[in-house]
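Structure record follows, encoded as structure tokens.
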Amino acid sequence: MISVKNLYKTFHNLSGPVEVLKGINCEIRKGEKVVIVGPSGSGKSTFLRCMNLLEEPTSGEIYFEGKLINAPDVDIDKVRAQMGMVFQHFNLFPHLTVRRNITLAPVLLKLQSKEEADENAMRLLKRIGLDDKSESYPNQLSGGQKQRIAIIRSLAMNPKMMLFDEPTSALDPEMVGEVLSVMKELAAEGMTMAVVTHEMNFAKEVANRVLFIDDGQILEENEPDAFFSNPQHPRTKDFLSKILS
Amino acid sequence: MNERTLMSRLYDDFIYQNRYLYLVKGLGNTVVITVFALLIGVLIGVFIALVRVNYQQSKKKGLLLRLANLACGLYLTVIRGTPMVVQLMIMYFVIWASGAPIMIAILSFGLNSGAYVAEVIRSGIQSVDRGQTEAGRSLGLSAGRTMRVIILPQAFKNVAPAIFNEFIVLLKETSVAGYVGIQDLTKGGDIIRSITYDAFPPLIAVAIVYLVIVICLTQVLHVIEGRLAKSDLR
Ligand SMILES: Nc1ncnc2c1ncn2[C@@H]1O[C@H](COP(=O)(O)OP(=O)(O)OP(=O)(O)O)[C@@H](O)[C@H]1O
Ligand SMILES: [Mg+2]
């Protein structure tokens, strides 16, 4: 589905260049769920955002369905339309109703007619039990509701894969569950997912593979049972002992 | 003059030969100039703001973009660095000597206002969270569409009070339109003064009209601000 080769990313700050990603190689197959963990500032978000080119790689290659996407002649908008992204801070459009948030992109991009998009939005809203909120504005919703709507806003595009960047980190604890359960449903339906999260139980339950990123590199990757019960790298052990305690 | 009663002065200044019409027609011109100038100002302002934001954000700056940014920078410098009256007179006597005065005034004030509105709108665009752009782009919308349907509507909402305030400022600034022979509100008062040789009542009347309008508009501004604040809490 997506494959990342020798990915490097350097940011240029006022204080000079900072190399954030130092040679990442990773492949995510169709239907796979990959959870990415690692300490703060290690480059998890940057890695995820490079996959849909919200950040431009300094060097390296990203292939989506076999096609190199960080090449000059690629229509990146077309690629992004097939790759959903869910953000830590939801990023719903506050000036549009929930329904318009969901239907905006599919209609503008002529993927669906207005009627189809509306119908689709209502079906998705019903599925997460928020069909009564279709005419509400984002500011009238709780964090958990916002994030679930952000997820179905991406889903409305019928993406081939979904990227999640700490989707529950900005939520009050009592709302984490409702968002995770939508994500679990998606996973069960076979969606290809890359998820940056600190929810280790989600990783154990859903992931096919867990990646540990530290200091811009994938230090360790394994299927969740082995990853959690038998971490190899001392940094992974250190990280897990901190986060699981 | 001193012996004349106030009543007879007021009669001479405003009632006799329907002289109050100088003020009414003047006010009409003032409002027309202000409204259309602001419209032009907002159009120019949006354009300049887009050029400048684009220039700031894009990594590969094409030649066209660089030229446009340069032109906008020059425009802002010249407009803000010279007095409004001078701009108006240059427009009237040099650039567009054959134009209808009211058109010249609208254009001049519009061009002037655009320089200030541009900064307002630019700050509005920049006040919209970066996540909004990212969400739009991640859904596959182009940069232009994201700007149009996601960023600009929010930016306008953020700066609506500031733009309304620009309207109030502009309303007062147009009082120099008389320099190029336009009979705006101020000029109307001045004409009465030159007919009756009585300065106090007509000029005070002009001041009162401005003041009342500005006070009313300021009330409207507060209402707008209140509405926007409430809609943010929705
Ligand atoms: N746009 C940017 N410009 C400059 N530096 C950046 C930028 N984005 C990220 N960085 C830096 O890159 C490093 C990695 O950031 P990144 O957001 O990828 O980390 P992360 O692993 O997602 O951390 P967290 O768990 O806190 O979200 C950080 O040191 C951060 O300061
Ligand atoms: Mg992050």
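The values are calculated or read from the model by the stated rules, or taken from the named source; none is laboratory data. Nothing here was measured: the structure is a model prediction, and the numbers come from that model. Every residue, glycine among them, receives a Cβ derived from its backbone with ideal geometry; neighbour counts consider all protein chains shown. Side chains are part of the model used for accessible areas, which takes the heavy atoms of the whole protein and leaves out ligands, DNA and RNA. Shrake-Rupley method; radii C 1.70, N 1.55, O 1.52, S 1.80 Å.
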### Query
Which of the aspartates and glutamates could be linked to residue B:172 by a straight reach, that is with a Cα gap under 18 Å, when you skip same-chain ones fewer than 8 residues away?
B:184, B:190
## Note on the structure
Test assert for the range A:109-143: residues whose accessible surface shrinks by at least 10 Å² between chain alone and all chains, 1.4 Å probe, equal A:109, A:137, A:139, A:140
### Query
Counting only protein heavy atoms, what percent of the accessible surface of chain A is carbon or sulfur at a 1.4 Å probe?
47
## Note on the structure
Helix A:98-108: inclination vs chain A longest Cα principal axis, degrees, rounded to 10, gives 80
#### Entry: Exposure of residue A:99 as accessible area (Å², to 10), given a probe of 1.4 Å and all protein chains
50
### Query
Taking both sides together, what accessible area is buried at the A/B interface, probe 1.4 Å, expressed in Å² and rounded to the nearest 100?
2100
### Task
Pick out the long, greasy-scoring helices in chain B: whole DSSP H runs spanning 20 Å or more along their own axis by Cα, mean Kyte-Doolittle at least 0.0.
B:20-57, B:63-81, B:101-127, B:152-173, B:200-233
### Message
I'd like the distance separating the alpha-carbon centroids of the range B:168-234 and the range A:223-245, in whole Å.
### Response
72
### Task
Enter the mean number of other protein chain beta carbons within 10 Å of the beta carbon of each residue in A:81-88, as an integer.
3
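Using DSSP, restrict attention to beta bridges with both residues in the protein assembly as shown and report what percent are antiparallel, rounded to the nearest 5. Provide the component values of the computation, followed by the final result.
On the way: 22 of 39 bridges.
Antiparallel bridges make up about 55 percent of those DSSP assigns within the protein assembly as shown.
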### Query
Amide H of residue A:32: which non-local residues (sequence gap of 5 or more, or other chain) have their own amide H closer than 5 Å, using H built in the peptide plane?
A:193
### Message
Which lysines, if any, have their Cα less than 19 Å from the Cα of residue A:242, not counting same-chain residues under 8 positions apart?
### Response
A:44, A:204
### Query
Using a 1.4 Å probe on protein heavy atoms, which residues of the range B:108-153 have at least 30 Å² less accessible area in the complex than alone?
B:132, B:134, B:135, B:137, B:138, B:139, B:140, B:141, B:145, B:149, B:150
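From the helices alone, meaning DSSP H stretches of at least four residues, give me the mean residue ellipticity at 222 nm for chain B, per-run term -39500 (n - 2.57), in deg cm²/dmol to the nearest 500.
Details: 9 runs with 173 residues, N = 234.
Result for chain B, helices only: -25500 deg cm²/dmol.
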### Task
Mind listing the long-range amide H neighbours of residue A:220? Cut-off is under 5 Å, sequence gap 5 or more, other chains count too, H placed in the peptide plane at 1.01 Å from N.
A:212
#### Entry: Mean residue ellipticity (222 nm) of chain A, computed from DSSP H runs ≥ 4 via -39,500 (n - 2.57), nearest 500
-11000 deg cm²/dmol
### Task
Could you list, in their original order, any pairs among B:157/B:230; A:33/A:110; A:22/B:60; B:25/B:187 whose Cα atoms are separated by more than 18 Å?
A:33/A:110; A:22/B:60
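Measuring with a 1.4 Å probe in the full set of protein chains, what accessible area per residue, in whole Å², belongs to the protein assembly as shown? Kindly include the intermediate steps, with their values, before the conclusion.
Values: 23070 Å² over 479 residues.
With all protein chains present, the protein assembly as shown gives 48 Å² per residue.
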### Task
Find the centroid of the Cα atoms in the range A:65-96 and in the range B:115-164, then give the distance between the two in whole Å.
19
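Calculate what fraction, in whole %, of the accessible area of chain B sits on carbon and sulfur atoms when a 1.4 Å probe is rolled over the protein chains. Let's see the in-between values first.
Values: 8380 of 12410 Å².
Accessible surface attributable to carbon and sulfur in chain B totals 68 percent.
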### Once exposed loop GluC sites (Glu not before Pro) are cut out (DSSP; at most 12 other Cβ, 10 Å), longest piece of chain A
A:1-134
